[in-house]
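Just below is one structure, and these are the notes that go with it.
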Amino acid sequence: MGIFSNKILGCALLAWFVAQLLKVAIDLLLKRKLNISRMIGAGGMPSSHSAMVTALAVAVGRTEGAASVLFAMCFVLAAIVMYDAAGVRRETGEQAKIINQMVENWIDDGTDFGRELKELVGHTPLEVFAGAALGLAIGFIMF
C-alpha cells in the first residue's frame, strides 16, 4: 500500500493532527467560542510544526538508530523548523501587528490597503517546547 502503510509518516502526521486538535480545544477553553479554523491555522499552543518534526525524528531514531544518517537529517530538520517557528516566523507576526496598527491609524484618509496582515504565524518558545514534548510523547508511544 506504499505511503499509507508508512508508520513513520503516520506518526508524524498524528502528532500534527493532535497538536491542531489541541489548538482548537485550548482556543475554546480560553475564548469560550469554537473556532474550527484553528485546525488549519499557524501559530498558537502547541506548535504543530514542532510536534510533527519531533515525532518524525523520534520515530526515525527508534527504527534506524540514533547513529543513522536518517536520524541526523531528521534531527537537523527539526532544529531548523523549531528555530524558524520561534524566531523568524514569530518576528514576522510581530511586524504584522505593527503594520496593521499603522494602517488602521492611516485609514482615516480613505486609502484602501486591502486586507490585514496575518499576525499569528509564529510561536513563543513555550509553544515550541510544548509541541516538541507532544512529538516526543507520540513518537515514543508509537515506537
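If you take the residues in region 65-112 that are among the small types (Gly, Ala, Ser) and at pLDDT 95 or above, which one is surrounded by the fewest Cβ atoms within 10 Å (Cβ to Cβ)?
Only one residue tops the list, namely Ala67.
How do the pairs read when you match residues in region 11-23 that are farther than 10 Å from Ile40 by Cα with residues anywhere that are surrounded by fewer than 24 Cβ atoms within 10 Å (Cβ to Cβ), using Cβ under 6 Å and keeping only pairs 6 or more apart or on different chains?
Between residues of region 11-23 that are farther than 10 Å from Ile40 by Cα and residues that are surrounded by fewer than 24 Cβ atoms within 10 Å (Cβ to Cβ), the close pairs are Cys11/Met142; Ala19/Leu134.
Each row is one residue, and each column tells you yes or no for (1) of a type outside the set (A, V, I, L, M, F, W, C); (2) in contact with a Phe, Trp or Tyr (Cβ under 8 Å, 6 or more places away or on another chain).
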{"position": "Gly2", "(1), (2)": "yes, no"}
{"position": "Lys33", "(1), (2)": "yes, no"}
{"position": "Arg38", "(1), (2)": "yes, no"}
{"position": "Gly44", "(1), (2)": "yes, no"}
{"position": "Gly65", "(1), (2)": "yes, yes"}
{"position": "Ser68", "(1), (2)": "yes, no"}
{"position": "Val76", "(1), (2)": "no, no"}
{"position": "Asp84", "(1), (2)": "yes, no"}
{"position": "Ile98", "(1), (2)": "no, no"}
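Tally the residues that are in a helix (DSSP H, G or I) and either of a type in the set (S, T, N, Q) or out of contact with any Gly (no Cβ under 9 Å at 6 or more places or on another chain) (or both), restricting the search to region 61-75.
So the answer is 5.
Consider region 8-51. How many of its residues are surrounded by 11 or more Cβ atoms within 10 Å (Cβ to Cβ) and among the charged types (D, E, K, R)?
3
Could you list, in sequence order, the residues of region 12-40 that are among the aliphatic types (A, V, I, L, M), in a helix (DSSP H, G or I) and over 21 Å from Met82 (Cβ atoms)?
If the condition is that a residue be among the aliphatic types (A, V, I, L, M), in a helix (DSSP H, G or I) and over 21 Å from Met82 (Cβ atoms), then Val24, Ala25, Leu28, Leu29, Leu30, Ile36, Met39 are the ones that fit.
Is there a residue in region 114-129 that is at pLDDT 85 or above and buried (at least 20 other Cβ atoms within 10 Å of the Cβ)?
yes
All but one of (1) farther than 17 Å from Thr124 by Cα; (2) assigned to a loop (DSSP other than H, G, I, E, B); (3) of a type in the set (Gly, Ala, Ser) hold for Gly43; state the number of the condition that does not hold.
Single failed check for Gly43: (1).
Has region 52-59 got any residue that is surrounded by fewer than 20 Cβ atoms within 10 Å (Cβ to Cβ), modelled with pLDDT of 95 or more and part of a helix (DSSP H, G or I)?
no
The values are calculated or read from the model by the stated rules, or taken from the named source; none is laboratory data. All figures in this text were calculated on a predicted structure; none of them were measured in a lab. Virtual Cβ from ideal backbone geometry, glycine too; neighbours counted across all protein chains shown.
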